[in-house]
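Engineer: Sharing a structure, written as structure tokens. Questions coming.
What follows is calculated from the coordinates using simple rules that are stated; it is not laboratory data. In this text, all values refer to a predicted model and were calculated from it rather than measured experimentally. In this analysis, Cβ positions are derived from the backbone assuming ideal geometry, glycine residues included, and neighbour counts consider all displayed protein chains.
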Amino acid sequence: MQGFVATCLIGISLGAQYALLALGFTLIFGILGVVNFAHGGFYVLGGYLAYSAVTYLGMPYALAVICAALGTTLLGFLFERFVLDRVIDDHLATLMLTLGLYLMMSSGILVVFGPQSPAFAFPLTGVIHGHGFFVPIENLVVLGVCIVGILSIYGLIYYTDFGRALRALADDRAVATAQGLRPAILFPAAFALATGLAGLTGALVTPILSLAPHIGDPVLATSFLIVILGGLGSVGGATVAAFIVGMAEAFSAVYLGGSKGALALFVLVLVMLVVKPSGLFGHRVRGA
Amino acid sequence: MTARTLSKRGDLAEAASVVVIAAAFVVPWLSQNPMVYSLANQMLIAITAAFSVYIMLRMNLMTFAVPTFMAIGGYTVAILGLRHGVTDVLLLGLASFVVPALFALPLGALVLRLTGVYFVLVTFVLTEITQLLLFETPGWTGGSNGLVGMPAVTLFGLELADNRAVLQVTIGLALAGAIVTAAVTRTLRQHFAAIEENELLAQSLGLVVWHYKAFGFAIAAGVSGLAGFALVNMLLTAHPTSFSALSSVNYIAYAIIGGKSSMLGPVVGGALLIWAGDVFALRGEYSQFLFGFLIVVVVLVAREGVVGTIHRLGVRVFSPPSPSRSSTVASSPTLSVPNAMEPLQ
């Protein structure tokens, strides 16, 4: 029972991290129709930006996380505005561009920081004792920030004019543009928001897990998994699917061991793609 | 551009690709340098794998599943050699083609219903599943140890074990891959072009799209299998890391950077990028940067890739000025006006 509770807590905390990550990924697909292969790259970059800010500039960790999120936001904005936007309607071209960006980012990080994992520790340590289980404080802090982040994204998308504009563009670009919305500003902004989320997640999570140039690959694979499961472009779907995947990973790691859980998830996603490409929360998705 | 000039150009490119790969047989005859052998091996394997991407691109499908079928081909050969004592190179080559192709048929029935981004995602998921399956089935695949200690392949009882023989096997497999690719894309050029241009229209005009897509997928899988055999034969081991999900990015890069509209594209792209990777060998991390940069440049500036761009510039320089612009645009094969319509133009 205690093991069960502890595993649930791990699952929830993983799920919250994944949700923050996958929200960005699904936003980019839903609004721009772009499959962002560089999403894992922005996560890694966020981690390294925070690490550099703490180590070389001596910033407090909280400020470093904000800087990392802003840095990845800026890079995302520039990349969309000056590179991606030129071929925005060609799905395969945008996919290749983000792939190219990912290769450049990960090898750039490798060149600058070297292949070793730098020592980047969370500033808070300690555990909270429950009835027979322990929760590290850093996990709770990250969970809290992730939940605040997820709620802010929901607020932004569903209760502000900016969010309404983005949803209108996702729904029907031609009509939304005819109504006076400006994709030239809103597309880079949406892309920047999503890459900023990836950077924020990276800055928050890498001190707990690990920081190395190649950690973007599994992050990308997990984002794929979640977003396909939840339905490409669906915000609610991505959130629910993130917690499903987090729970499944936690329980399979504790009770099954090895990568059987991951294998089961991938097969589930394969079946999902074939049977119901619109995902768990299937509604009309953009014709890709 | 008419269907006739289009197919003539395609025929030339296909013949040239086969000839270039056949010409590689002079390498083991001319040189003893193990560096040259290694480079030639890598180039030919890369080109064969890129052919597989090329076949799928004929149907406007971008596949990430090349490592999956390379793994099936490579592990088939390793298991046949290690457990069943099969060493005949012709038999193994046939198995490395047929087994992945057979795997591709039921898989194709599942995944070929998807197009565009969804097809990309499902093939990416397939390669991830392949990795996990290779690790999770140690009884068959040796798990994380991989399979090692295969007996050397033989041709009519002659052992092909030294460096030169390994390269000759690779060249033979690449040549087989090139001939199959050329034969299929040549025979089905119009069909593939119709599917690439507008699948729905092709179907409504009576083309049984599903047959051609399944056939193309199976052939692409078989060609990948040949590359997998060559890779396992070169490395003397079948290991999951040889077939990683992100290695598919490289094969796509070879085909796209070389130029996806002609069969020479994968040949030029594979050779050029492997050579570039070798130049940067001491600073290996830069080669990935170079790949990424070249992909961005090709997508933004030179959509036709190296081969297409050279061809376009060649046409502009060498052809007499013509009143129509049609010779300089549309270098990708499109559904053309039937020949009977030509007199009307």
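Engineer: Where does helix B:3-23 land angle-wise versus the long Cα axis of chain B, in degrees 0 to 90, nearest 10?
Structural biologist: 30
Engineer: Of B:149, A:149, B:313, which is farthest on the positive side of the dipole of the protein assembly as shown, counting Cα position, with +1 on Lys and Arg Cβ, -1 on Asp and Glu Cβ, and the Cα centre as origin?
Structural biologist: Final value for the positive-end residue is B:313.
Engineer: Compare the Cα positions of A:226, A:77, B:86 along the charge dipole of the protein assembly as shown (+1 at Cβ of Lys, Arg; -1 at Cβ of Asp, Glu; about the Cα centre) and return the one farthest towards the positive end.
Structural biologist: A:77
Engineer: Could you tell me which of rounded, prolate or oblate describes the stretch B:87-217, using a ≥ b ≥ c as the square roots of the eigenvalues of the alpha-carbon gyration tensor, with rounded for a/c under 1.5 and, failing that, prolate when a/b is larger than b/c and oblate otherwise?
Structural biologist: Details: a/c = 3.11, a/b = 1.53, b/c = 2.04.
Taking the square roots of the gyration eigenvalues as a ≥ b ≥ c, the stretch B:87-217 is oblate.
Engineer: Sticking with this one: Using unit Cβ charges (K, R positive; D, E negative) and no other charged atoms, how large, in debye to the nearest 20, is the dipole of chain B about its Cα centre? If you can, show how the numbers build up before the last one.
Structural biologist: Details: 16 positive and 14 negative charges, 152 e Å.
Once rounded to the nearest 20, the dipole reads 720 debye.
Engineer: Tell me the relative contact order for chain A as a rounded percent, counting alpha carbon contacts under 8 Å between residues six or more apart.
Structural biologist: On the way: 441 pairs, mean separation 108.8, N = 288.
Reported as a whole number, the value is 38 percent.
Engineer: Separation between the residue B:211 and residue A:56 pseudo-spin-labels, each 7 Å from Cα along Cα→Cβ, expressed in nm?
Structural biologist: Between residue B:211 and residue A:56, the simple spin-label model gives 6.2 nm.
Engineer: Let me ask something else. Which ³J(HN,Hα) values in Hz, rounded to whole numbers, follow from the phi angles of the stretch A:139-151 under the Karplus curve 6.51 cos²θ - 1.76 cosθ + 1.60, where θ = phi - 60° and Gly and Pro get x?
Structural biologist: With the stated coefficients, the stretch A:139-151 comes to 4, 5, 4, 4, 4, x, 4, 4, 5, 4, x, 4, 5 Hz.
Engineer: Find the all-direction average of the projected area of the Cα convex hull for the stretch A:14-215, expressing the result in square nanometres with one decimal place.
Structural biologist: Details: hull surface 49.2 nm².
Average projection, Cα convex hull of the stretch A:14-215: 12.3 nm².
Engineer: Distance in nm between label sites at residue B:144 and residue B:33, each 7 Å beyond Cα in the beta-carbon direction?
Structural biologist: In this crude spin-label approximation the distance works out to 3.9 nm.
Engineer: If a/c stays under 1.5 just call it rounded; otherwise compare a/b with b/c (prolate if a/b is bigger, oblate if not). Do that for the stretch B:21-134, with a ≥ b ≥ c from the square roots of the Cα gyration tensor eigenvalues. Show your work: numbers first, answer last.
Structural biologist: Details: a/c = 2.31, a/b = 1.48, b/c = 1.57.
Oblate.
Engineer: In addition: Can I get the semi-axes of chain B's equivalent ellipsoid? Compute them from the C-alpha gyration tensor as square roots of 5 times the eigenvalues, in angstrom, largest first. Let's see the in-between values first.
Structural biologist: On the way: eigenvalues 231, 108, 72 Å².
In descending order the semi-axes read 34, 23, 19 Å.
Engineer: A follow-up question, please. Suppose we keep just the DSSP beta bridges with both residues in the protein assembly as shown; what percent of those would be antiparallel, to 5?
Structural biologist: Working: 7 of 8 bridges.
In the protein assembly as shown, DSSP labels about 90 percent of beta bridges as antiparallel.
Engineer: Report the label-to-label distance for residue A:137 and residue B:186 in nanometres (one decimal), using points 7 Å from each Cα along the Cα→Cβ vector.
Structural biologist: 7.4
Engineer: Then there's this: Hull surface divided by four, with the convex hull built on the Cα atoms of the stretch A:1-106: how many nm²?
Structural biologist: Working: hull surface 34.6 nm².
Dividing the Cα hull surface by four gives the mean projection, 8.7 nm².
Engineer: Here is a further query. Please give the helix B:264-279 orientation as an angle from the longest Cα principal axis of chain B, in degrees from 0 to 90, rounded to the nearest 10.
Structural biologist: So the helix axis and the longest Cα principal axis differ by about 50 degrees.
Engineer: Extension gain residue A:175-residue A:78, at 0.36 nm per residue separation less the Cα-Cα distance, in nm? Mind dumping the intermediate values first?
Structural biologist: Values: separation 97, 0.36 × 97 = 34.92 nm, distance 2.58 nm.
Computed gain between residue A:175 and residue A:78 is 32.3 nm.
Engineer: Give me the Kirkwood hydrodynamic radius of the protein assembly as shown, using the inverse of the mean 1/r over all pairs of distinct Cα atoms, in Å to one decimal. Could the numbers behind the result be given before it?
Structural biologist: On the way: mean 1/r = 0.0387 Å⁻¹.
After inverting the mean inverse Cα-Cα distance, the result is 25.8 Å.
Engineer: Right, here's the next one. Against the empirical 2.2 N^0.38 Å scaling, what ratio does the C-alpha Rg of the stretch B:89-153 come to?
Structural biologist: On the way: Rg = 15.0 Å, N = 65, 2.2 N^0.38 = 10.7 Å.
Cα Rg divided by the expected 2.2 N^0.38 Å: 1.39.
Engineer: Could you give the semi-axes, largest first, of the ellipsoid that matches the stretch A:52-129, computed as the square roots of 5 times the alpha carbon gyration tensor eigenvalues and rounded to whole Å? Before the final figure, lay out each step's value.
Structural biologist: Details: eigenvalues 207, 48, 34 Å².
Semi-axis lengths for the stretch A:52-129 are 32, 16, 13 Å.
Engineer: Subtract the Cα-Cα distance of residue B:318 and residue B:275 from 0.36 nm times their separation in residues, and report this length gain in nm to one decimal.
Structural biologist: Values: separation 43, 0.36 × 43 = 15.48 nm, distance 2.94 nm.
Stretched fully, the residue B:318-residue B:275 segment lengthens by 12.5 nm.
Engineer: Sort A:89, B:278 so the one with the fewest other Cβ atoms within 10 Å of its own Cβ comes first. Could the numbers behind the result be given before it?
Structural biologist: Details: A:89 9, B:278 15.
Fewest-to-most ranking of A:89, B:278: A:89, B:278.
Engineer: Rank these for me by crowding, A:276, B:260, A:260, going from fewest to most other beta carbons within 10 Å. Write out the running numbers ahead of the final one.
Structural biologist: On the way: A:276 11, B:260 26, A:260 14.
Fewest-to-most Cβ neighbours within 10 Å comes out as A:276, A:260, B:260.
Engineer: List residues of the stretch A:206-240, by number, whose backbone nitrogen lies under 17 Å from a label position 7 Å along Cα→C-beta of residue A:159.
Structural biologist: A:236
Engineer: Where the Cα atoms of the stretch A:111-166 are projected onto their three principal axes, how long is each span, largest first, in whole Å?
Structural biologist: Its Cα atoms span 46, 43, 15 Å along the three principal axes.
Engineer: Helix B:163-187 sits at what angle to the longest principal axis of chain B, using alpha carbons and giving 0 to 90 degrees rounded to 10?
Structural biologist: Roughly 30 degrees, rounded to the nearest 10.
Engineer: Around residue B:132, what is the net charge, scoring Lys/Arg as +1 and Asp/Glu as -1 over all other residues with Cβ under 14 Å from its Cβ? Mind dumping the intermediate values first?
Structural biologist: Values: positive: A:260; negative: A:217, A:249, B:128, B:136.
Around residue B:132, the surrounding residues sum to -3.
Engineer: Also, I was wondering about something else. If you stretched the chain out fully between residue A:66 and residue A:86, how much longer would it get, using 0.36 nm times the residue separation minus the C-alpha to C-alpha distance? Don't skip to the answer; put the middle values down first.
Structural biologist: Details: separation 20, 0.36 × 20 = 7.20 nm, distance 2.97 nm.
Going from the current span to full extension adds 4.2 nm.
Engineer: Report, in debye and to the nearest 20, how large the dipole of the stretch A:14-215 comes out about its Cα centre when Lys and Arg carry +1 and Asp and Glu carry -1 on their Cβ.
Structural biologist: Details: 6 positive and 8 negative charges, 27 e Å.
Using only the charged Cβ atoms, the result is roughly 120 debye.
Engineer: Would you list A:164, B:316, B:58 from fewest to most Cβ contacts within 10 Å?
Structural biologist: With the sparsest Cβ surroundings first, the list reads B:316, A:164, B:58.
Engineer: Please list 3J(HN,Hα) in residue order for the stretch B:116-124, calculated via the Karplus relation 6.51 cos²θ - 1.76 cosθ + 1.60 where θ = phi - 60°; whole Hz, with x for glycine and proline.
Structural biologist: Residue by residue, the stretch B:116-124 yields x, 4, 5, 5, 4, 5, 5, 6, 5 Hz.
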